[in-house]
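All remarks here apply to the structure that follows.
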Amino acid sequence: MWFSKNNFNPEYKTAVVFGASQGLGADIALRLYQRKCGVVLVARTEDKLKEQVARIRNQTTSVSQSTSAESSSESTPTPLDPLLEYSVCDIADYDSCVKLWDHLLNTLEVDPDFVFCCAGNSVPKLFGDLTGKELASGVNTNYLTAANAVHSGFKAVLQKNAGELIKTFKLRHVILFSSVTAPFPFIGYSQYAPMKAAVSALSLVLRQELMSYNYRVSCVYAGNFASEGFYEEEKTKPEITKVIEGPSDAMSPLDCCDMIFDKLAKGYDSIYTDFIGWVLGLSVLGTQPRNWGFFQVLMLLLFLIAEPIAFIIFVVLPIRKHLQPRVPVKQ
């Protein structure tokens with residue numbers, strides 16, 4: 001797959017980006033629009049969506065003007081600017097998603113070629129320190145947003161194309177966002193990792209069920225990137241979680257977007273944004289699409305030998321050391 005870059009071509013197509021009010025979702029919308037892809041940004045907060053639409057227009061205009069200044073005065077005129085809209089929707093609420101897809105397909109008359117499910121929110125705490133509201137938020141924001149967006153959209157597409165032969169359906173592409181904590185969950189991520197593991201499992205099921213309808217399904221296992229959410233997470237992240245994660249520089253969200261687009265273009269459907277994520281993904285290969293599959297098999301042999309030892313050294317022992325002062329000693 002690495003030798004081809006023809007598997008992701010958003011130019012002059014349309015995309016809906018869920019969770020686009022900030023972070024990676026907002027930057028994905030920016031990068032898509034800069035590549036002449038029509039974009040509909042979706043999130044709960046209208047003010048933030050307006051800010052992102054303005055930002056996308058401004059930054060895209062700046063890039064276009066810079067490019068024009070460097071190009072010949074006899075350059076070929078560019079087509080009209082692609083669609084750039086926003087829609088307010090609580091994606092965790094299924095009925096709201098149904099209304100959204102009705103608005104897209106019937107009011108805007110937009111049948112997206114790409115569906116990016118970027119919504120997510122991590123509250124890193126020890127399990128006993130979480131509130132019931134935070135646990136519920138983990139389920140709603142990190143899993144239901146993806147399931148609701150894709151399910152309601154699929155049903156809307158079926159209704160819109162009722163009577164058509166399935167083989168005539170146009171190619172559509174769903175991109176789900178999981179996390180590197182899905183294949184390798186550890187202390188501090190009980191509110192987040194299980195739901196991102198569910199998103200990963202959902203991608204496997206959807207890949208089987210939707211392929212007959214000409215859907216491609218990809219899943220991104222993102223590591224740390226320097227978004228607003230990342231810095232909020234650092235405020236509540238337990239020290240033991242930081243110890244296990246180790247020192248690492250958070251990737252720029254725009255660099256993360258570029259890497260994701262590059263790997264989608266190469267045809268990969270399991271996408272890791274850093275090397276450690278790729279290595280940790282070896283522990284749950286199962287039926288997941290391969291990413292440098294030959295090397296994954298070789299690394300897996302080493303991983304199976306080293307992982308139990310590494311897990312004790314880098315996870316179990318630090319946890320015991322951290323929690324030991326909390327355990328009351330019996331007299």
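Scanning the range 190-201 for residues that are open to solvent by 10 Å² or more (accessible area, probe 1.4 Å), not in a loop (DSSP other than H, G, I, E, B) and not small (Gly, Ala, Ser) yields a total of 2. Among the residues of the range 15-31, is there at least one that is open to solvent by 10 Å² or more (accessible area, probe 1.4 Å) and among the aromatic types (Phe, Trp, Tyr)? Scanning the range 15-31, I find no residue that is open to solvent by 10 Å² or more (accessible area, probe 1.4 Å) and among the aromatic types (Phe, Trp, Tyr), so the answer is no.
Look at Lys50 and say whether it is at pLDDT 95 or above and either surrounded by fewer than 21 Cβ atoms within 10 Å (Cβ to Cβ) or farther than 30 Å from Asn142 by Cα (or both).
Yes: the conditions hold for Lys50.
Contact map, the range 166-186: first residue under 9 Å from Asn214 (Cβ atoms) and touching a residue at least 60 places away in the same chain (Cβ under 8 Å), second residue open to solvent by 10 Å² or more (accessible area, probe 1.4 Å) and assigned to a strand (DSSP E or B), Cβ cut-off under 7 Å, separation 6 or more or different chains; pairs are Arg172/Tyr215. Looking for something open to solvent by less than 30 Å² (accessible area, probe 1.4 Å) and more than 15 Å from the chain's Cα centre (by Cα) - is there at least one such residue anywhere in the range 245-261? Within the range 245-261, one or more residues are open to solvent by less than 30 Å² (accessible area, probe 1.4 Å) and more than 15 Å from the chain's Cα centre (by Cα).
Among the residues of the range 235-244, those identified as open to solvent by 60 Å² or more (accessible area, probe 1.4 Å) and touching a residue at least 12 places away in the same chain (Cβ under 8 Å) are Glu239, Val243.
A quick yes/no check of all residues on (1) within 25 Å of Lys13 (Cβ to Cβ); (2) aromatic (Phe, Trp, Tyr); (3) in contact with a strand residue (DSSP E or B) (Cβ under 9 Å, 6 or more places away or on another chain); (4) crowded, with 23+ Cβ neighbours inside 10 Å:
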| site | (1), (2), (3), (4) |
| --- | --- |
| Phe169 | yes, yes, yes, no |
| Ile175 | yes, no, yes, yes |
| Ser203 | yes, no, yes, yes |
| Leu206 | yes, no, yes, no |
| Tyr213 | yes, yes, yes, no |
| Val220 | yes, no, yes, yes |
| Gly223 | no, no, yes, no |
| Glu228 | no, no, no, no |
| Glu233 | no, no, no, no |
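Of the set (1) of a type outside the set (D, E, K, R); (2) buried (at least 22 other Cβ atoms within 10 Å of the Cβ); (3) assigned to a loop (DSSP other than H, G, I, E, B), all apply to Phe186 but (2).
Of all residues in the range 78-118, those being part of a loop (DSSP other than H, G, I, E, B) and open to solvent by less than 60 Å² (accessible area, probe 1.4 Å) number 11. Counting the residues of the range 127-165 that are assigned to a helix (DSSP H, G or I) and open to solvent by 70 Å² or more (accessible area, probe 1.4 Å) gives 8. Counting only helices (runs of 4 or more DSSP H) that sit completely within the range 215-270, those holding 1 or more residues that are under 26 Å from Leu32 (Cβ atoms) correspond to 228-236, 253-265. Being modelled with pLDDT of 75 or more, open to solvent by 60 Å² or more (accessible area, probe 1.4 Å), more than 15 Å from the chain's Cα centre (by Cα) and over 23 Å from Val123 (Cα atoms) is the requirement here; does Ile309 meet it? Yes, satisfied. When Ala265 is tested against the conditions (1) touching a Lys or Arg at 6+ places or on another chain (Cβ under 6 Å); (2) free of Cβ contacts under 8 Å to residues at least 24 places away in the same chain, the lone failure is (2).
Just one of the listed residues (Ala146, Ala136) is of a type outside the set (D, E, K, R) and under 23 Å from Ser218 (Cβ atoms), namely Ala146.
Contact annotation: residue pairs with Cβ atoms under 6 Å, 6 or more positions apart or on different chains, pairing a residue in the range 21-44 that is in a helix (DSSP H, G or I) with a partner that is aromatic (Phe, Trp, Tyr) and open to solvent by less than 10 Å² (accessible area, probe 1.4 Å), are Ile28/Phe116.
The values are calculated or read from the model by the stated rules, or taken from the named source; none is laboratory data. As the structure is a computational prediction, the values presented were derived from the model and not from experiment. Counting neighbours? That spans all protein chains shown, and the Cβs are built from the backbone with ideal geometry, glycine included. What goes into the accessible areas is simple: the full protein's heavy atoms, side chains included, and nothing from ligands, DNA or RNA. Shrake-Rupley method; radii C 1.70, N 1.55, O 1.52, S 1.80 Å.
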